[in-house]
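What follows is a set of notes on a single structure, which appears directly below.
The values are calculated or read from the model by the stated rules, or taken from the named source; none is laboratory data. All figures in this text were calculated on a predicted structure; none of them were measured in a lab. So basically every Cβ, Gly included, is an ideal-geometry build from the backbone, and we count neighbours across all protein chains shown. Surface areas here come from the heavy atoms of the whole protein model, side chains and all, with no ligands, DNA or RNA. Shrake-Rupley method; radii C 1.70, N 1.55, O 1.52, S 1.80 Å.
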Amino acid sequence: MWLFPLWPISLFYRSAMALRRYAYRQGWLKAWRAPVPVVVVGNVYVGGTGKTPFTLALVKLLQQQGWRPGIVSRGYGARQSATDKPELVLPESDPLQVGDEPLLMARRRNCPVVVHRQRVTAVQHLLSLQSEIDIVVCDDGLQHLALARDLEIMVLDQRGFGNRHCLPAGPLREPAIQANSFSVWACNGAVPPVSASPSHGVVLIPFVLEPTALRAVADQSPYALPDLAGKRILLFAGIGAPERFFTSMQTILEKAQAEHWQMRAFPDHHPYQSADLASLIAQSAGQLDLLICTEKDAVKCQKFAAQLALPLLYLAVEAQIDESVRPQLWQTLAALKQTQSIEALSRINQPTM
């Protein structure tokens, strides 16, 4: 009932989003089209659906199929002034300058990543730097309609569409009915949630997030799981759905026979400082042996990890796309390449003035 006063605002927000999409469909607002195919990976549910791991898995599949992808992102979590101009993300970039997720992607995949608050500007800068790129993957941006796209992939998890209300009365950036306009649904958890029923023709891509390794944040060295036995551990996460990380780690710690563990959630995209973790260690009064966080947290903690009083590890995860649906996904992507070739041929055959 406490959400009821927010419903009129939610209705206004929903109407504004619908009107905006309609304006782009009718051509009243113009979208810029890149000279290469653009794939947008995003969500309608606010945060924590597994979008970034899926984007990395998609880029890996594209590379395996012979594509030369590049990634663009808004750079959420960076200082507001940092994204005033487009920037190429390097493995040594400052996460406060480029954002935590873009930095994670730049370190995990051998492909260029550019950040800017306007996706069109980011794509233009990316293509000007890397002329060999033949497909752009936009991390987030389903609602950034100024960038024309050839394929939209909506990522959702077991929360589905929640209470099916838009912000601020619910968790949705767009009406649930809009989800059926996205041609591909990537389902974190292998099956569509109960609250989400795709229409006929929607391609379902099930995937799961699989832990792959524990590594030291300071130097990336691997940490053997048996060494967790008897350890007292603090788990912390500043991501959209920290409970997913905590659940995965609890399973690992139980199997490894860790002595005990605590959990601490920070806000999503939290800008960690050494004082944050020093305070957690001090509060434990000597009752901790290890700190473990997510990879997204690790990129922001690396600069001070070596100075902490306790070892700091992170859990690396990979999105594993169901093998049975990979051919269907490849077919969808191959259609983009065919469309690109036809458009290139039509440009060549156009009469010159």
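Each label point is 7 Å from the Cα along the Cα-to-Cβ direction; what then is the distance between the points at Glu92 and Gln338, in nm?
4.6 nm
State to the nearest 20 debye the size of the charge dipole of region 1-142 about its Cα centre, where the only charges are +1 on K and R beta carbons and -1 on D and E beta carbons.
Computed about the Cα centre, the dipole is about 520 debye.
Quick check on region 15-72: take the gyration tensor over C-alpha atoms, sort the square-rooted eigenvalues as a ≥ b ≥ c, and tell me if it's rounded (a/c under 1.5), prolate or oblate.
In terms of gyration-tensor shape, oblate.
Calculate how many DSSP beta bridges within region 141-222 are antiparallel, expressed in % of all such bridges and rounded to the nearest 5.
10 percent
Over what distance in Å are the Cα centres of region 25-45 and region 118-161 separated?
What the calculation gives is 8 Å, centre to centre.
Dipole of the chain, Cα-centred, from +1 at each Lys and Arg C-beta and -1 at each Asp and Glu C-beta, to the nearest 20 debye? Mind dumping the intermediate values first?
Working: 33 positive and 29 negative charges, 209 e Å.
With only Lys, Arg, Asp and Glu charged at Cβ, the dipole is about 1000 debye.
Taking the chain as a Gaussian network, where each spring joins two C-alpha atoms under 10 Å apart, which residue of Val36, Val123, Val155 fluctuates the most?
Among Val36, Val123, Val155, the largest GNM mean-square fluctuation belongs to Val36.
Go through Lys60/Lys337; Lys231/Lys296; Lys255/Lys300 and tell me which ones have a Cα-Cα distance over 21 Å in this structure.
Lys231/Lys296; Lys255/Lys300
From the Cα gyration tensor of region 68-221, with a ≥ b ≥ c the square roots of its eigenvalues, which class applies: rounded if a/c is under 1.5, or else prolate if a/b is larger than b/c, or else oblate?
Prolate.
How many percent of the accessible area of region 235-303 is carbon or sulfur, using a 1.4 Å probe? Numbers along the way, then the final one.
Working: 1550 of 3080 Å².
Here it works out to 50 percent.
Dividing the Cα convex hull volume of the chain by residue count, how many Å³ per residue is that? Before the final figure, lay out the partial values.
Details: hull volume 59.2 nm³, N = 353.
In the chain, the Cα hull volume divided by residue count equals 168 Å³.
Most fluctuating residue of Met154, Met105, Met249 in a GNM of the chain with Cα springs under 10 Å: which is it?
Met249
Out of Leu290, Leu56, Gln307, whose Cα points farthest toward the positive end of the dipole of the chain (charges: +1 Lys, Arg; -1 Asp, Glu; placed on Cβ)?
Leu56
Quote the charge dipole size of region 261-326 about the Cα centre in Debye, to the nearest 20; the model charges only the Cβ of Lys and Arg (+1) and of Asp and Glu (-1).
260 debye
Report the equivalent ellipsoid semi-axes for region 1-157 in whole Å, largest first, defined as the square roots of five times the eigenvalues of the gyration tensor built from alpha carbon atoms. Show your work: numbers first, answer last.
Working: eigenvalues 148, 70, 50 Å².
After diagonalising the Cα gyration tensor, the semi-axes are 27, 19, 16 Å.
Choose one answer from Arg107, Arg21, Arg149: the residue with the largest mean-square fluctuation in a GNM of the chain with alpha-carbon springs under 10 Å.
In the Gaussian network model the winner is Arg21.
For the chain, what does the helix formula give at 222 nm: sum of -39500 (n - 2.57) over DSSP H segments with n ≥ 4, over the residue count, nearest 500 deg cm²/dmol?
It comes out at -10500 deg cm²/dmol, rounded to the nearest 500.
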